[in-house]
Amino acid sequence: MAKAFRRFGARSALFPAALLTGLLLASCSGGGPSTPAGSPSEDASSSGPDMAGPVIDRDFPDPDVLEVDGTYYAYATNGNGMNVQMATSKDLEDWTVLDKDAMPEMPSWVVPGKTWAPEVTEVSEGTFVLYFTATNFDPARQCIGVATANSPTGPFVAQGEEMLVCPIDEGGAIDASTFVDDDGLHLVWKNDGNCCGLDTWIQTAPLSTDGLSLTGPPQKIIKQTLDWEGDLVEAPTIVKRGTTYVLLYSANSYSDGRYAIGYASAPKLSGPWAKTPKPIFSTKSSEHRYLGPGGQDVVTGPMDQDYLVFHGWDPAFTYRGMFVAPLEWDGAVPRVVLGE
């Protein structure tokens, strides 16, 4: 049986409701709609392992983590000769990067070389669905496609004759994740408006039980409105903790240290959604231990310790490695625990 929380897509899960228990990051600013006064600081000590350095010290951005039968599978944006990179681990600390492409063949209707932000979900036992971002030939926009496999390592094969989500008038769509609500599986994504001077909206729509088609119209959740977000919000992940829906997202330019993670919360999926006014995990709040953290996922480790999985830049800003940081909880408020 597979279990994961995601980009929390992050990210993906089988349908049982027990897997809806998610995670959100504690606000280092002490503000925001879901942060109680007196919540602990980010740099508190942790009983978990110290993982301040990258667990994958090579280009491995936008990580998505899925657990299947005690093995953790990480998927990442194209690089190192792969469309969809993969790595495996038994403990979230020691990782083996696989010399295998999760999706070796791209469909004919996309331009090869720009396969971003993979999201893998096990929709039924032994059936895995990959949501990927790629560029259409015509029109030339980044959009979201869907592929399937009977193994978490693929090979994933594209389904249908076109992209699953491709709103051309909104600039396209990227950064898919999934969320399981009481009524079933939902897709969450960002319209790629920053490509062409448009707003970027985090959006969601219900999916069919096989995960291959939308069964309802998109609903817009949040867009960029805060100074720290710059001209975009992206990399969404929704979880439900108790009766509260939580949206974790990244914002600002991924190419430098301004990239950071924020969150919003709501009493139901349809909203209303309230943002925390400042980023809850950033270069500054991590005391520069992590540079431009984002593209996040959340996963529960072998000892039931919760971890944040995310990418961050190397000191020279030449590649984004994968990091894992423990999460601790103060009631319903989690906090990122920094390494020594």
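The values are calculated or read from the model by the stated rules, or taken from the named source; none is laboratory data. In this text the structure is predicted, and so the values were computed from the model without any measurement. So basically every Cβ, Gly included, is an ideal-geometry build from the backbone, and we count neighbours across all protein chains shown.
Brief remarks on what is shown
- Here the stretch 65-102 is the region considered, the condition is being part of a loop (DSSP other than H, G, I, E, B) and acidic (Asp, Glu), and the residue that is surrounded by the most Cβ atoms within 10 Å (Cβ to Cβ) is Asp101.
- Residues (surrounded by fewer than 21 Cβ atoms within 10 Å (Cβ to Cβ) and β-branched (Val, Ile, Thr)) located in the stretch 224-275: Thr225, Thr243, Thr244
- Subset tally (residues that are part of a strand (DSSP E or B), touching a Phe, Trp or Tyr at 6+ places or on another chain (Cβ under 9 Å) and of a type in the set (D, E, K, R)) for the stretch 236-281: 2
- Within the stretch 295-316, tally of residues that are modelled with pLDDT of 90 or more and on the phi > 0 side of the Ramachandran plot: 1
- The listed residue being crowded, with 24+ Cβ neighbours inside 10 Å, hydroxyl-bearing (Ser, Thr, Tyr) and at pLDDT 85 or above, out of Tyr290, Tyr319: Tyr290
- The strands (runs of 3 or more DSSP E) located wholly in the stretch 103-221 that include 1 or more residues which are farther than 28 Å from Thr243 by Cα occupy 110-124, 127-136, 142-149, 173-181.
- The sole residue among Glu170, Glu162, Glu122 that is in contact with a helix residue (DSSP H, G or I) (Cβ under 8 Å, 6 or more places away or on another chain) and under 19 Å from Leu187 (Cα atoms) is Glu170.
- Condition check for Lys284: touching a Phe, Trp or Tyr at 6+ places or on another chain (Cβ under 8 Å), surrounded by fewer than 20 Cβ atoms within 10 Å (Cβ to Cβ) and charged (D, E, K, R): no
- Among the residues of the stretch 178-212, those that are exposed (fewer than 15 other Cβ atoms within 10 Å of the Cβ), under 19 Å from Gln159 (Cβ atoms) and touching a Gly at 6+ places or on another chain (Cβ under 9 Å) comprise Ser208, Thr209.
- Summed over the stretch 280-296, residues that are more than 11 Å from Leu338 (Cα to Cα) and not basic (Lys, Arg) total 9.
- Test: Pro152 is at pLDDT 95 or above, more than 22 Å from Asp192 (Cα to Cα) and of a type outside the set (S, T, N, Q): yes
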